[in-house]
1. Could you give the length gained by full extension between L60 and A14, i.e. 0.36 nm per residue of separation minus their alpha carbon distance, to one decimal place?
2. Expressed in nm to one decimal, what extension gain is obtained for the pair L47 and T24 from 0.36 nm per residue of sequence separation less their Cα-Cα distance?
3. Rank by packing, highest mean first: peptides 193-201, 129-137, with packing defined as the count of other Cβ atoms within 10 Å averaged across residues.
4. Determine the sum of side-chain charges near G156: Lys and Arg each +1, Asp and Glu each -1, restricted to other residues whose C-beta is under 15 angstrom from that of G156.
5. Give the separation of the Cα centroids, segment 37-102 to segment 179-229, in Å.
6. Charges on Cβ only, +1 for Lys and Arg, -1 for Asp and Glu, centred on the Cα centroid of segment 1-134; of A94, Q81, V20, which one is farthest towards the dipole's positive end?
7. Mind running the shape call on segment 117-179? Use the C-alpha gyration tensor, a ≥ b ≥ c as the square roots of the eigenvalues: rounded below 1.5 for a/c, prolate if a/b tops b/c, oblate otherwise.
8. Which value, in debye to the nearest 20, describes the size of the charge dipole of segment 9-147 about its Cα centre when Lys and Arg Cβ atoms bear +1, Asp and Glu Cβ atoms bear -1, and nothing else is charged?
Amino acid sequence: MLALHAALVKGLFAEEGLSVQGMTTQVRSAVEQDKTHPLWVKTDTGLTEADFGYLEMDLLPNMTAGKIDYYIVDGMNFGCQEVMVAPDSPLQSAADLKGKTIEMNPAWVSPYRPADGPSFVGQELKTAGLDPAKDVSRVLTPWDALPRLTDYVAEGFRTGKFDAIIVAEPAPLMLREKKLARPLFTQTYQAPYNQEYCCLFGIKRAIVDSQPDKAARIVRAYRHAKQWVAQNPT
């Protein structure tokens, strides 16, 4: 998602003659109102679909079923999620999660995501010989805990509320830096997951279908931003 941010702050959309406003997605509201995707932002008139933005790979089944009215026009970034455990945890691999509890973001209980959580987690559990639906318990992080996630994770490990937690960047980086957690397995650094897109760049179908020139300019600005990020990793 760095490319979207770079396109805004570097004026790359403006270079294409586009007036673009960056908006924070209202994921909690989208989940609570049973929306079919997370690309909803808050405006003066209430929740409104963003014209374009990021869509997760796990949304593709709903897209092919016609439940999400966006076109995928480019890849966005490779894996950003990790399954983390306490630094002193005895767990060493996915196989050790049998009979354990994994905490995950409350957004995963939604009409547009797999009920069992990120697909890479299920794939890793199956590779380890586990049944993701039976061998592992899942609990949800409270919405109100998300703004203080690092403290919440530390407390959860200390009290034994959960054995592992699924978190997305930048949370894994902060947890590692504070020595509050270590990765058990990761979509970011571990093959083959780090070679697969986890997020995709989507534009509303109505824009692509009725304003193809505008859609092309959005994509050009975005790809320019991807190049800029690659050339300026710091």
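1. Details: separation 46, 0.36 × 46 = 16.56 nm, distance 3.00 nm.
That pair, L60 and A14, stretches by 13.6 nm at full extension.
2. Details: separation 23, 0.36 × 23 = 8.28 nm, distance 1.13 nm.
Length difference between fully extended and current span is 7.1 nm.
3. Details: 193-201: 18.1, 129-137: 14.3.
Most protected by this proxy first, the peptides run 193-201, 129-137.
4. Working: positive: K100, R138, R148, R158, K161, K178, R182; negative: D88, E103, D144, D151, E155, D163.
Combined, the nearby Lys, Arg, Asp and Glu give +1.
5. With segment 37-102 and segment 179-229 each reduced to a Cα centre, they are spaced 12 Å.
6. A94
7. Values: a/c = 2.05, a/b = 1.70, b/c = 1.21.
Note, shape of segment 117-179 comes out prolate.
8. Numbers: 11 positive and 20 negative charges, 66 e Å.
The calculation lands at about 320 debye.
The values are calculated or read from the model by the stated rules, or taken from the named source; none is laboratory data. These numbers come from a predicted model, not from an experiment. Glycine gets a Cβ as well: all are built from the backbone with ideal geometry, and neighbour counts include every protein chain shown. Quick note on the areas: whole protein, heavy atoms, side chains included, nothing else; ligands and nucleic acids left out. Shrake-Rupley method; radii C 1.70, N 1.55, O 1.52, S 1.80 Å.
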